[in-house]
Amino acid sequence: VQLQASGGGLVQAGGSLRLSCAASGRPFGSYITGWFRQAPGKEREFVAAITRSGGTTHYADSVKGRFTISRDNAKKLVYLQMNSLKPEDTAVYYCAVDVRSVYIMMILRSYDFWGQGTQVTVSS
């Protein structure tokens, strides 16, 4: 699976962005897809994930209620709608696919394929 993340940019605190993750290769709708982020000097961390059908989602506590993950399997796209952005959301955001798990996992090593990342910068 090849993944391409896009939609990042510079936004003021309180603003919104929508990230997209486009997939090519294997049947995209067969896999759990997640978003992770990595801020400068910090480890990459889980943000959100969605099951194959889109019926179940899971979020990190830090983004719950502000971010929404969704998917369109026909278009091979996964989205991350980010509202009420805060300066601490500043990071490079990565999408990733887990081809082995049945349930959503929040650990990096569960994910097999990664996109290149898109920068999100939130100014105060």
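Out of all the residues in segment 38-48, is one or more polar (S, T, N, Q) and open to solvent by 70 Å² or more (accessible area, probe 1.4 Å)? The answer is no; no qualifying residue exists. Restricting the search to segment 64-105, which residues are in a loop (DSSP other than H, G, I, E, B), modelled with pLDDT of 95 or more and more than 19 Å from ALA5 (Cα to Cα)? Across segment 64-105, the qualifying residues are LYS64, GLY65, ARG66, SER84, LYS86. Pairs linking a residue in segment 83-101 that is closer than 18 Å to GLY41 by Cα and polar (S, T, N, Q) to a residue that is modelled with pLDDT of 95 or more and buried (at least 18 other Cβ atoms within 10 Å of the Cβ), with Cβ atoms under 8 Å and 6 or more positions apart or on different chains, are THR90/VAL120; THR90/VAL122.
For the subset of segment 72-99 comprising residues that are out of contact with any helix residue (DSSP H, G or I) (no Cβ under 8 Å at 6 or more places or on another chain) and charged (D, E, K, R), which member is least open to solvent (accessible area, probe 1.4 Å)? Residue satisfying both the conditions and the ranking: ASP89. Taking the criterion of being open to solvent by less than 30 Å² (accessible area, probe 1.4 Å) and of a type in the set (Gly, Ala, Ser), the residues of segment 15-28 that qualify are GLY15, SER20, ALA23. Note on segment 112-124: residues that are modelled with pLDDT of 95 or more and either in contact with a Pro (Cβ under 6 Å, 6 or more places away or on another chain) or open to solvent by less than 10 Å² (accessible area, probe 1.4 Å) (or both) total 2.
The values are calculated or read from the model by the stated rules, or taken from the named source; none is laboratory data. Values in this document were obtained by computation on a predicted structure and should not be read as measured data. Positions of Cβ are backbone-derived with ideal geometry, glycine not excepted, and every protein chain shown enters the neighbour counts. For the accessible areas, the whole protein counts, side chains as well, though only heavy atoms, and no ligand, DNA or RNA atoms are used. Shrake-Rupley method; radii C 1.70, N 1.55, O 1.52, S 1.80 Å.
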